[in-house]
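These notes are about the structure you will find just below.
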């Protein structure tokens, strides 16, 4: 870590000096030795800003090249290699994982889908067809990311929280979860729900509205079931009754039928 920090601070760093350490850094990302966000003993998540800063250096010092698979990108990026020993299912060539992603054993990628650099996907998780796991997103164990789900990515600003999905979360088809959102363990996000760091969440179970915390983060509580709903707005156009889409927590902890979640 100290070597990486010194290179971040070195304004006279050359590409020749940078590239060997960049290769080591990507290997540390791939093996989980370093990650963009980590949870402390108190259970709170902390963003490791220096990891984002070093990823940004990778773009700065990279040069455009054409890879053997035909893709054109910075030579500091490229596709992550996956070996049989890792016990990861990458079902088709239309599954793309950028180099610099931790993938736990038992993770399944269904085609087509894409995962960006800095992401962390823990063991037993499913990334379904047409899903996007954005840069630096942190995904826990045994998470189901449904078809067409977008998990937003965030590299800048460096202090911004990425999307964090804790263990045993279900994210239903077509949902959108963007930066500044933490989904606590065991939560269920129904099909078609949109959650952002600035989206109030209406908890009808506890008769309250969940707003961003002191860090500007929306936290979906443990075991919550969230579905898409609507809320009337005060302003309107003559002859109309307008409403906006909002996420609604309808229950905690009870069993929900998979068939109900996969369909809006």
**Request:** Return yes or no: is residue 172 within 24 Å of residue 103 (Cβ to Cβ) and in contact with a helix residue (DSSP H, G or I) (Cβ under 7 Å, 6 or more places away or on another chain)?
**Result:** yes
**Fill in**
Scanning segment 127-155 for residues that are part of a strand (DSSP E or B) and under 19 Å from residue 184 (Cβ atoms), the one farthest from the chain's Cα centre (by Cα) turns out to be 144
**Prompt:** When the residues of segment 202-224 are filtered to those that are part of a strand (DSSP E or B) and loosely packed, with under 13 Cβ neighbours inside 10 Å, which remaining residue is farthest from the chain's Cα centre (by Cα)?
**Reply:** 208
**Item:** Every pair of residues 6+ apart whose Cβ atoms lie under 7 Å, when the first sits in segment 201-217 and is at negative phi and modelled with pLDDT under 95 while the second is loosely packed, with under 11 Cβ neighbours inside 10 Å and part of a strand (DSSP E or B)
**Value:** none
**Complete:** When every residue in segment 110-119 that is surrounded by 24 or more Cβ atoms within 10 Å (Cβ to Cβ) and touching a strand residue (DSSP E or B) at 6+ places or on another chain (Cβ under 8 Å) is compared, the one farthest from residue 181 (Cα to Cα) is 113
**Item:** Residue among 197, 239 that is over 25 Å from residue 131 (Cα atoms) and in a loop (DSSP other than H, G, I, E, B)
**Value:** 239
**Item:** Matching residues, segment 158-174, being farther than 17 Å from residue 121 by Cβ and surrounded by fewer than 24 Cβ atoms within 10 Å (Cβ to Cβ)
**Value:** 158, 159, 160, 161, 173, 174
**Message:** Please determine whether any residue of segment 254-264 is assigned to a strand (DSSP E or B) and on the phi < 0 side of the Ramachandran plot.
**Reply:** no
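Criterion first (in a helix (DSSP H, G or I) and surrounded by 12 or more Cβ atoms within 10 Å (Cβ to Cβ)) does residue 8 satisfy it? Quick ask: steps written out before the conclusion?
Values: in a helix (DSSP H, G or I): yes; surrounded by 12 or more Cβ atoms within 10 Å (Cβ to Cβ): yes.
It is true that residue 8 is in a helix (DSSP H, G or I) and surrounded by 12 or more Cβ atoms within 10 Å (Cβ to Cβ).
Table: residues versus (1) touching a strand residue (DSSP E or B) at 6+ places or on another chain (Cβ under 6 Å); (2) surrounded by fewer than 21 Cβ atoms within 10 Å (Cβ to Cβ); (3) in contact (Cβ under 8 Å) with a residue 12 or more places away in the chain; (4) over 21 Å from residue 127 (Cα atoms).
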site	(1), (2), (3), (4)
195	yes, no, yes, no
226	yes, no, yes, no
235	no, yes, no, yes
240	no, yes, no, yes
248	yes, yes, yes, yes
253	no, yes, yes, yes
**Request:** Using the structure shown, decide if residue 33 is closer than 26 Å to residue 126 by Cβ and either touching a helix residue (DSSP H, G or I) at 6+ places or on another chain (Cβ under 6 Å) or assigned to a loop (DSSP other than H, G, I, E, B) (or both).
**Result:** yes
**Prompt:** Is there a residue being in contact with a strand residue (DSSP E or B) (Cβ under 7 Å, 6 or more places away or on another chain), crowded, with 16+ Cβ neighbours inside 10 Å and not in a loop (DSSP other than H, G, I, E, B) anywhere in segment 44-56?
**Reply:** yes
**Item:** Which numbered condition residue 128 fails, given (1) without any contact (Cβ under 8 Å) to a residue 24 or more places away in the chain; (2) surrounded by fewer than 23 Cβ atoms within 10 Å (Cβ to Cβ); (3) over 28 Å from residue 8 (Cβ atoms)
**Value:** (1)
**Prompt:** Given the residues 70, 40, 32, which is the only one that is at positive phi and without any contact (Cβ under 8 Å) to a residue 12 or more places away in the chain?
**Reply:** 70
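The values are calculated or read from the model by the stated rules, or taken from the named source; none is laboratory data. Everything numeric here is computed off the predicted structure, so don't read it as measured data. FYI the Cβ positions are ideal-geometry reconstructions off the backbone, even for glycines, and counts take in every protein chain you see.
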